[in-house]
Amino acid sequence: MTLHSIRKLAGAGVAAGLALLLAACILSPGTFASALDLRRNGSFTFTYKGEIYILGLGELAKMGSALDAAGFSPSTCYEDDGTTERDCTDDELTQQRAEWDEQQKSKKDEDERNAKAFGTLFGGIDPSDPQAAEEIAAKLRRQHGWNAVAYKGNGLYDVDFSVAGKLDHDFTFPVLEGFPMANFFVVANLRNGNVARIEAPGFAVQSSSPSSGNGLLGMASMFGTADGASDEAKNLPKLDGSFTVTTDGEILANNTDEGPTAVAGGKQLSWKISPRSATPPMALIQLAK
């Protein structure tokens, strides 16, 4: 296999990662504590304090640019036996350089298409722009419930979110203004009969369904290198958190390890979240009819 062939395969891997990101999730929790308090009358409070990771074009663009950072480098030429190395002829070097130039042009065109696609995904913000991280933070601070948003670098934000309301319609978190494909960490669906189904798809590693949950861990393996994880994969936050649901309603079903415990104001369900969490937290709660 020639050096040019290897470069083509590596470029294809980056392109596949970009396509996966566009079709799947862009958000992942890191270290966090989250809680939902749901009353029988439908009133609720929800909090999330901790890290949120946003995988953007800036990191992926670095992967692609690394492929040609050293510039043109000729491939080895061989004798007819296919094993004995020899000096390349001028014609062979010219052909190799022409192929390399064509690859660079194709990559530039693809980068421009990806930048446009990611601009749409990120609400008109180009994630490769050095100021993009702060622009995203500023947009979040304008939204109700985002009490504090601090950018920590490498796509990592430290946030303090809290909201109170009435569960007379579905509730999802997080909702980012202008991010049409952002995935959800927590979803509360109100069913007929005033039954609330609480699920936290973002608090589990779901490689079979990355678009509905935490798919960044799968992306980490996709962009790993032969000698270990890539820098981008190493920068992904470790999934380490807790999620609690407290209610005075009737708990019809749940998937905690130990079931509900009695606390002031009702009963509480608790989940410890880690990279080994394969199943999203779930609870079914009967509210007042």
Within the under-13-Å Cβ sphere about ASP160, not counting ASP160, Lys/Arg +1 and Asp/Glu -1 give a net charge of 0
Lys and Arg at +1, Asp and Glu at -1: neighbours of PRO260 with Cβ under 12 Å from its Cβ sum to -3
Net charge near PHE44 (other residues with Cβ under 10 Å of its Cβ; Lys, Arg +1; Asp, Glu -1) is +1
Filtered hits (aspartates and glutamates, Cα-Cα < 14 Å from LYS267, offset >= 8 within chain) -> ASP37, ASP248, GLU250, GLU258
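Each value in this text was obtained by applying a stated rule to the coordinates, not by laboratory testing. Bear in mind that the values here come from a model prediction, so they are computed numbers and not experimental data. A quick note on method: Cβ atoms are made from the backbone with ideal geometry, for glycine too, and the neighbour counts reach across all protein chains shown.
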